[in-house]
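Data block below; observations after.
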Amino acid sequence: MPAKYRIPVRPVRRRFARVERTTIIEWGDECKRCVTCVRWACPAGAYRERQKRILAEVDRLLEDEPELASLPEYEGKDILDTMDDLCQSCYRCIQNCPREQYLMVLNPEYERLGDSYWTPEIITATWYQAETGRIPVSGAGYGGPFAGPGFDSIWTDMSEIVRPTRDGIHGREYISTAIHLGRKPLFLVFDEQGGIAFPPSPLLEIPLPVLLAEPPWGAALDKVRLAAARAAQTLGTLVLVPRENLGPDLDKFAPQLVPSYTEATLNLEDPLLCRVRLAEIADYPGVLKRVEVLKKQCPELVTMIRVPADTRCEARVAELTGAGAEVIHLAADDHAQGLAEAAGLHLKDLIRKCHLRLVEDNLRDTVTLLASGGIAMAEHVAKAIICGVDGVIVDLPLLLLLECRLCRHCLSGGPCPVDLEKIDIPQATQRLVNLMGAWNNQLLEVLGAMGLREVRRLRGEVGRAMFVDELQREIFGPLFARPTAEGSRREGE
């Protein structure tokens, strides 16, 4: 049995206060001055900590501006404070105050985070995981719907959770999250001496079914690249970076780098190609011929072809696999939607189409299929693998873990509200390691609850999931369908 894969998580201080979903408003107009105020009964000590913060801020202001002490009415009233990051949303103060002097309302700053896909819930959960390395748990419970669009329309099967004998987090039984990248033969051919007649293609093993990638946009991407390369070294995974963005500062991370080329940027004489283990080339009509030449120059190199997730991806993935492709990267947009004419299709549906086509062609086990675009949470990793990929590639979460708000000001040349240019590289690296540690633990929880020992068993295992669309169409639809006039007439007869 291989050594248990461990991710060294360690808490990292945040640079800014967390933006919480709710905020407490304290009126104070009709306060009865109770002997035992509900503030001091707060189980999280939020009000006491807030008072300490206010006093510390007063002391700091008085130290910087001593003349404020001579003001007769100065009591720190102009100091803005918040306890949103301390409140655990237990509602105890709101329910127990006899004069109803406390009110919880939605935080407007929270509602402005992200967009319709990269929701405030996703963003703040990413911040928490990057800070602590722990799985996020809401003290207020979950009040949302049990199903939604995209990945939220998949329910995973937790039938083994009543007796989770394969518990990878606590170590009662080993669960492997490793995957292989590369071409695998359908069968072996032996020569007369009993040896393998044809040498197998090179394979890469990574201990986590997640590859990192430079975000498609964002501030301070040079620092994000460096932090991602350092984290990939710790995690044992790989990081995709456009070749033109790879500078001398990343030379020592060559084993973790995956240079990404287009038809125009691919130079077969590039010395980096024989130093890295995996290289990506964007798909174009003559890509396989260039790959063949490249493999002759660097026989130990594994090649990956990036295929856009459009309406032609199913046929193109099958064609490339049949022609000998080693790794295929199915790339959607950052909202997990298809490209061009497939803009109305979700990535999960495109993955299933490609996977089932390869199964139909008896080629699925020969190729490694990866997917990217909109992979925002740990559950998306498991659900994408259930739909048919071997692993996923994440990009925008690398910005989120640095406390990015996804405001997109950087796209128009505006200033970054969280000053990503000032991030500390070691701290950014640890935050990325923490996020992957939390994702890995959630993946282990899912596998353990399903009774699976390795993540490779999960690939294409749709029997381990329920698809809401199919349930509504095949089960709930007939049950709740309104009877037609013809049907009502027949029942009357």
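Identify the residue in segment 153-166 that is out of contact with any Lys or Arg (no Cβ under 9 Å at 6 or more places or on another chain) and surrounded by 14 or more Cβ atoms within 10 Å (Cβ to Cβ) and, among all such residues, is modelled with the highest pLDDT. Show your work before the answer.
To start, the set of residues in segment 153-166 that are out of contact with any Lys or Arg (no Cβ under 9 Å at 6 or more places or on another chain) comprises 155, 158, 161-163.
The next check asks that each one be surrounded by 14 or more Cβ atoms within 10 Å (Cβ to Cβ); those that pass are 155, 158.
On the way: W155: 90, M158: 75.
Checked segment 153-166; the qualifying residue modelled with the highest pLDDT is W155.
When P259, P200, P185, P216 are screened for being assigned by TED's automatic domain parsing to the domain that holds P415, over 25 Å from P8 (Cα atoms) and assigned to a strand (DSSP E or B), only P259 passes.
Can you run down the residue pairs with Cβ atoms below 9 Å, 6 or more apart or on separate chains, where the first is in segment 219-243 and in a loop (DSSP other than H, G, I, E, B) and the partner is of a type in the set (S, T, N, Q)? Pairs found: G236/Q256; T237/Q256; L238/Q256. For segment 453-493, taking the residues that are over 23 Å from A371 (Cα atoms) and among the β-branched types (V, I, T), the one that is modelled with the highest pLDDT is identified as I475. Residues in segment 306-322 that are over 25 Å from I206 (Cβ atoms) and assigned to a loop (DSSP other than H, G, I, E, B): D310, T311, R312.
Against the criterion of being surrounded by fewer than 21 Cβ atoms within 10 Å (Cβ to Cβ), farther than 24 Å from L294 by Cα, among the charged types (D, E, K, R) and touching a Leu at 6+ places or on another chain (Cβ under 6 Å), D310 qualifies.
On the stretch given as segment 373-406, residues that are of a type outside the set (V, I, T) and closer than 16 Å to V224 by Cβ total 12.
Just for segment 262-286: of the residues that are among the small types (G, A, S) and in a loop (DSSP other than H, G, I, E, B), which one is farthest from R230 (Cα to Cα)? Show your work before the answer.
The first filter runs over segment 262-286 and keeps only residues among the small types (G, A, S), leaving 264, 279, 282, 286.
Narrowing further to those that are in a loop (DSSP other than H, G, I, E, B): 264, 286.
Details: A264: 29, G286: 34 Å.
Here the residue is G286.
How many residues are closer than 16 Å to L106 by Cα and at pLDDT 85 or above when one looks only at segment 124-152?
Taking segment 124-152 first, the residues closer than 16 Å to L106 by Cα are 124, 138-144.
Filter again for at pLDDT 85 or above, leaving 124.
So the answer is 1.
Going residue by residue through segment 340-357, is there one that turns out to be out of contact with any Phe, Trp or Tyr (no Cβ under 8 Å at 6 or more places or on another chain) and of a type in the set (D, E)? There is at least one residue in segment 340-357 that is out of contact with any Phe, Trp or Tyr (no Cβ under 8 Å at 6 or more places or on another chain) and of a type in the set (D, E). Of the residues in segment 334-363, how many are among the small types (G, A, S), outside any helix (DSSP H, G or I) and crowded, with 16+ Cβ neighbours inside 10 Å? Within segment 334-363, residues that are among the small types (G, A, S), outside any helix (DSSP H, G or I) and crowded, with 16+ Cβ neighbours inside 10 Å number 2.
Tell me, please, whether a residue that is touching a helix residue (DSSP H, G or I) at 6+ places or on another chain (Cβ under 7 Å) and either within 21 Å of A178 (Cα to Cα) or assigned to a loop (DSSP other than H, G, I, E, B) (or both) can be found in segment 407-416.
yes
Can you confirm whether K289 is of a type in the set (D, E, K, R), assigned to a loop (DSSP other than H, G, I, E, B) and either out of contact with any Phe, Trp or Tyr (no Cβ under 7 Å at 6 or more places or on another chain) or at pLDDT 95 or above (or both)? No: the conditions fail for K289.
So for segment 26-35 (the condition being without any contact (Cβ under 8 Å) to a residue 60 or more places away in the chain and either surrounded by fewer than 15 Cβ atoms within 10 Å (Cβ to Cβ) or in contact with an Asp or Glu (Cβ under 9 Å, 6 or more places away or on another chain) (or both)), does at least one residue qualify?
Here is the first cut: in segment 26-35, the ones without any contact (Cβ under 8 Å) to a residue 60 or more places away in the chain are 33, 35.
From what is left, the residues that are either surrounded by fewer than 15 Cβ atoms within 10 Å (Cβ to Cβ) or in contact with an Asp or Glu (Cβ under 9 Å, 6 or more places away or on another chain) (or both) are 33, 35.
There is at least one residue in segment 26-35 that is without any contact (Cβ under 8 Å) to a residue 60 or more places away in the chain and either surrounded by fewer than 15 Cβ atoms within 10 Å (Cβ to Cβ) or in contact with an Asp or Glu (Cβ under 9 Å, 6 or more places away or on another chain) (or both).
Counting the residues of segment 1-59 that are among the aromatic types (F, W, Y), assigned by TED's automatic domain parsing to the domain that holds C97 and under 37 Å from the mean Cα position of the chain (by Cα) gives 1.
Tallying residues that are in contact with a Gly (Cβ under 8 Å, 6 or more places away or on another chain) and surrounded by fewer than 22 Cβ atoms within 10 Å (Cβ to Cβ) within segment 364-390 yields 1. Restricting the first residue to segment 336-359 and requiring it to be closer than 14 Å to V389 by Cα and free of Cβ contacts under 8 Å to residues at least 24 places away in the same chain, which pairs with a second residue that is of a type in the set (G, A, S) and surrounded by 22 or more Cβ atoms within 10 Å (Cβ to Cβ) meet a Cβ separation below 6 Å and a spacing of at least six or different chains? Once the first residue is closer than 14 Å to V389 by Cα and free of Cβ contacts under 8 Å to residues at least 24 places away in the same chain and sits in segment 336-359, no partner that is of a type in the set (G, A, S) and surrounded by 22 or more Cβ atoms within 10 Å (Cβ to Cβ) comes close enough.
Only a single criterion out of (1) touching a residue at least 40 places away in the same chain (Cβ under 8 Å); (2) in contact with an Asp or Glu (Cβ under 8 Å, 6 or more places away or on another chain) is not satisfied by E280, namely (2).
For segment 95-123, residues that are farther than 30 Å from T36 by Cβ and among the basic types (K, R) total 1.
The sole residue among E319, E326 that is crowded, with 20+ Cβ neighbours inside 10 Å and either in contact with a Gly (Cβ under 8 Å, 6 or more places away or on another chain) or without any contact (Cβ under 8 Å) to a residue 60 or more places away in the chain (or both) is E326. Go through segment 60-90 and count every residue that is modelled with pLDDT of 75 or more and either of a type in the set (A, V, I, L, M) or within 16 Å of W27 (Cβ to Cβ) (or both). Counting residues in segment 60-90 that are modelled with pLDDT of 75 or more and either of a type in the set (A, V, I, L, M) or within 16 Å of W27 (Cβ to Cβ) (or both) gives 1. Every condition in (1) assigned to a helix (DSSP H, G or I); (2) within 21 Å of the chain's Cα centre (by Cα); (3) of a type outside the set (D, E) holds for F476 except the one numbered (2). Just name the residue that is farthest from G448 (Cα to Cα) out of those in segment 171-190 that are of a type in the set (G, A, S) and at pLDDT 85 or above. That would be G182. Restricting segment 417-439 to residues that are assigned to a helix (DSSP H, G or I) and more than 20 Å from the chain's Cα centre (by Cα) leaves a set whose member that is farthest from G114 (Cα to Cα) is P426.
The values are calculated or read from the model by the stated rules, or taken from the named source; none is laboratory data. Quick caveat: nothing in here was measured; it's all calculated off a predicted structure. Here Cβ is always computed from backbone atoms with ideal geometry, including for glycine, and neighbour counts include all displayed protein chains.
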